[in-house]
Structures are given as structure tokens and as C-alpha cells.
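None of the figures in this text is laboratory data; all of them are computed from the coordinates on show. Just so it is clear, the structure is predicted and the values come from calculations on it, not from any experiment. Here the Cβ is made from the backbone with ideal geometry for all residues, glycine too, and neighbour counts use every protein chain on show.
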Protein chains: 2
Amino acid sequence: MSAHTQSRFNSTLTSQCQNCSLSALCLPLALADEDITKLDQIIERKKPLKKGEFLFRQGDVFDSVYAVRSGTLKTFNITAYGEEQITGFYCPSELVGLSGIDSNAYPVSAKALETTTVCEIPFSHLEELSSQIPSLKHQIFKVMSRKISDDQQMMVLLGKKNADEKVASFLLNLSNRFKKRGYSATSFRLSMSRGEIGNYLGLAVETVSRVITRFQKNELIHVDGKEIEIVDLPEMQKLVGVASDCGKIAHI
Amino acid sequence: MSAHTQSRFNSTLTSQCQNCSLSALCLPLALADEDITKLDQIIERKKPLKKGEFLFRQGDVFDSVYAVRSGTLKTFNITAYGEEQITGFYCPSELVGLSGIDSNAYPVSAKALETTTVCEIPFSHLEELSSQIPSLKHQIFKVMSRKISDDQQMMVLLGKKNADEKVASFLLNLSNRFKKRGYSATSFRLSMSRGEIGNYLGLAVETVSRVITRFQKNELIHVDGKEIEIVDLPEMQKLVGVASDCGKIAHI
DNA sequence: CGTAAAATTGATTGGGATCAATGCGTGTGG
DNA sequence: CCACACGCATTGATCCCAATCAATTTTACG
């Protein structure tokens, strides 16, 4: 194995994969201690990004994937006319940048929605290491495969769901992600604006606002600015998926 | 390397990766001959699927990815109420099944739109082999990465584009795929029905039909049932992407 | 052929976009 | 500390694109 990466930023940062609370999530491995150490050695902890700063830009040469440690990122395309199209939000433990492998350039930009820290994982090192640790390679396949099936769910949402279902799906999706990393599934803060939610879901800002207001009136959620509390989780879950189709489908 | 797979169906099928015209596409490798031979040995050529037959079903245990050799497949989800949601169409040289790695089960069903032949690539063998051939591993990463960025383009299409742009994007996407495998980019046959196109694009059948009719009237394409000829490729390309936003954006 | 599925075409409706105005919170400089 | 401005969010009014409903026509197939 090649030498310890000299340029690491974390001489003062104590964090390491061994004692990182996210390690079971970002690459959920059953690795031997020595393997974790190897993995740990290729990872660089970067200086925090402030709100609005870029992690990488569309077109940049691909060299690393990044695991979010704290904060939130969004990824987006810029169309030929400068319009922004958000393709994803990334919470702690989630990997961003995987779509850059194919073309050797990032096909999207990644920007911090709030102060955000990431672990940089140089891909060439990761790939090399994955040759030595078959379970690591399998995990990378799994993470990418998961991303593909998640994105396909998103395609279903965009193609088939109405505004209520889109917003409900979005909130429940966030809820599940917070829950998985040990936070409350019913009470959390939205780090993105209504405009960004609308952009992501294919809805106008006004529609997002109206749906959220209506959900609150119907006592499905409680909202205070960016703070969200899901009051009636079962009803929200019923709303997601096929709710609006029940009538149509029932008579088939 | 482990033994030659005994259960192969291709004792009578002459096709092998070495002389398969698609080999440069399905896993575009620069492999040494002996590596190609190894890859060839794990691949099983399956009996052709007839129209309407399943390659695998949503929920089946994941064991293989498949390269389409001839014909076309669609993948789709079935919602809780039995509604079908098409998530992709697969032409020759394309790999299907990659989304099953994560959960060890296929999250979608795959069905033949016409008589279709595939190469079955048992994933455990592929993974094992990829440990021995780093460039193979890299290619698998690339194929998955490509799928992720393609799906994200599809998300943009579904979320932001109007009916004209969706249909034009769809036709140009097919055009590019045919071109890549050496067929005409301007003249081809749609193996899917209007209904399936609409399902995939998040449009009603009637809308698909109307858009296609209008494109024909405007001499962008010529249509005869399932036969499509793209007459004005530049105009179609202009239509895709941001065409309808030009006015809105221009005055910013 | 004859029948069913697929495709087309027309009429009407409706969900969400757009336009417009106002409210709210936050940071900034006088 | 307040006044102001600016971005973000909400709310209302109107409009339009595509869905839906409905009726044929065309194609595929046993």
C-alpha cells in the first residue's frame, strides 16, 4: 500500500473512520481493523465549507467522492441559459460525486446549503484499495446501486405524482434519512429554501408554499419557518405513493 | 480462475465476447485476450425471450446483470395498486439489473417488448473476476456512474420539460443510442407503444399522439406507425432542453 | 376476416404555473 | 437603536397546458 497521504488537513482534526459515528453509514463495512486503518489513511478531512461555497463545479475534473460529515449539500445542473436544476440534497453520511466516474468530470455542481464538512475520498486510491479489500469493492457497488434505485424512485415521483404527493414524499424521505442517522424522524429543520424544494420537485415556489400551508391546516404537519414537525405520520404515509390514484384504480 | 461454467446454454450458440459486435459497448474494455476469455467464460447466453416475457420480476433475488444482445426490454415498478411505472428502455449493448445489487433483489421488473436475447452475467462471478482485472472493475464503476448521471438527466426532463420537449428528448435519446451501435440516427423503429412512451415520460397517451402528429405536421419528423424518421434533426435539437424557456430567460 | 388492442382526434376540465401584491425576518448602515 | 432594504415566504387572481372523457379509426393478430 502506498504511503500515508501527506497533505492531510486533519493533523489537528481528531476524527478518524474508527471513531466516526457515520462510518457505519457512509460505507457500511464489516472491515477488519487493519482494513479500516487503510481506508482511514486515504481519506482527507477538509476545511468546512461556508454556506454558498462550492465543493466542486459542473465540469471540474473528477478526482474524489465526498462523504458529508455535517451540514447539507445540494447538487445541480446549470442549463444552457443559466437556469439551475437541483438533482439532489445530501445529508451527513451520504456520498456525493459518484456520477463523475464515467466521464471523469463532475456532471453537476455541489454547493453547501449551510456550514458543511466533508471527508474527501480520492477515487483512485479508493479504487486501488478496493482491489485489496473485496468487501470494500462490494460496498461501493452497493452504494452506487442504491443511488440508481433511489433515483428511479425520484423519477416515479416526478413523472406520476401530484403536488401533495411530491411534497409529502419529500418530507418523509428527509424524515427517513434523519431517522437513519439517529435524529428525530418527526421533528427537523429544512436546510433548503422553499424555492429549492420546488426546483427539486418540479413545482413552483408558490405551490410548495400552498401545499405546506394546507398540510398544516389539515394537521398533518406543524411548520415554523424552516422547522418542520410531522404530526400525523400515518396520514402522511397514506398520502404518499398512490393516494390520489385510489379512486381511479379502485374501479378497474 | 474457477472452472468453466458447466450450465451454459450456448453450446450451440456461436456467440462469444471476442467476436460479439457489442463487446466494445456493453463493457467497453481494453482487455488482454486472456482477460476477454475469462470474461467470456462466465457469461451465459440465454434462450430468446418472446414479447411480453419477463427477464426478472420485481422482488426476485438478484443474481445477475444482463446485457441486451438483440431486441428491447423495459423495466418498471408496480405500485401498490397495480399501476405500472416504466423506469427505462434497454437496447442492445445496454446493461440491465444494476439496481439490484444494493438490496440483493431486483427493485423493478424487466419485460421484453419484442423477441429479445440477452447475455446473463452472474454478478458474483463478475465481482470475483473484477478483483483480478482492475480495468474490468473500473468499467463496472463507469457503467454504474453513467447510469446515475443519465437518470439525473431523466429527472430534469420529468421535472422541468413540457410535452414537446419530453417527446423530442425521448426521440433524440433513442436516435443517439441507435447511432452509437452503428444504426441510423435518423430512421428507426419504436419497439414500444405510445402508451409506454407516455408512461415513461409522465404524459397521457393522447398527449404523446398529439405531439407526434404535430411534429409531423411541422416537418420535424416523419411517422408511419412505429417507424420514425427524424427529418429536421437540428430543429429537434433546438427544441430539446431550454427551447421553451428562451423567452422567459432572455429578459433577465 | 373479425375482434380486440392501439392510436388518433375532438371537446372539456382542472391542477398547477404565472402574475401580482403583501407580509415577514434578517442584516446593515446611519 | 431604528429605518430601510433585500430576499424569502405567503396569499390571491387568473390563465394555460396537459389530463380526462368520449368517439372513431387504424392496426395487429388469431
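Averaged over the residues of peptide B:54-60, the number of Cβ atoms from other protein chains lying within 10 Å of each residue's Cβ is 0. As a calculated quantity, the FRET efficiency between B:Arg181 and A:Arg146 at R0 = 35 Å, using C-beta atoms, amounts to about 0.75.
Counting only other chain Cβ atoms within 10 Å of each residue's Cβ, the peptide A:133-145 averages 5. Between A:Ala204 and B:Glu206, the simple label model (points 7 Å from Cα in the Cβ direction) yields a spacing of 2.4 nm.
Sticking with the crude label model, points 7 Å out along Cα→Cβ, report the distance from A:Glu227 to A:Asp35 in nm, one decimal please. About 4.4 nm separates the two model spin labels.
When the pairs B:Lys147/B:Lys180; A:Lys51/A:Lys238; A:Lys50/B:Lys137; A:Lys147/B:Lys166; A:Lys74/A:Lys142; A:Lys161/B:Lys51 are compared against a 27 Å limit on Cα-Cα distance, A:Lys51/A:Lys238; A:Lys50/B:Lys137; A:Lys161/B:Lys51 fall above it.
Cα gyration tensor of the range A:92-226, axes a ≥ b ≥ c as square roots of the eigenvalues: rounded (a/c below 1.5), prolate (a/b > b/c) or oblate?
Working: a/c = 2.21, a/b = 2.00, b/c = 1.11.
Here the range A:92-226 falls in the prolate category.
Per-residue shielding of B:94-107, expressed as the average number of other chain Cβ atoms within 10 Å of the residue Cβ, stands at 4.
Could you point to the residue in B:Gln139, B:Gly198, B:Pro122 farthest towards the positive end of the range B:112-252's charge dipole, with +1 and -1 charges on the Cβ of Lys/Arg and Asp/Glu respectively? Towards the positive end, the residue furthest out is B:Gln139. Close amide H contacts of B:Ser187 (hydrogens built in the peptide plane, cut-off under 5 Å, sequence separation of 5 or more or a different chain): B:Ile230.
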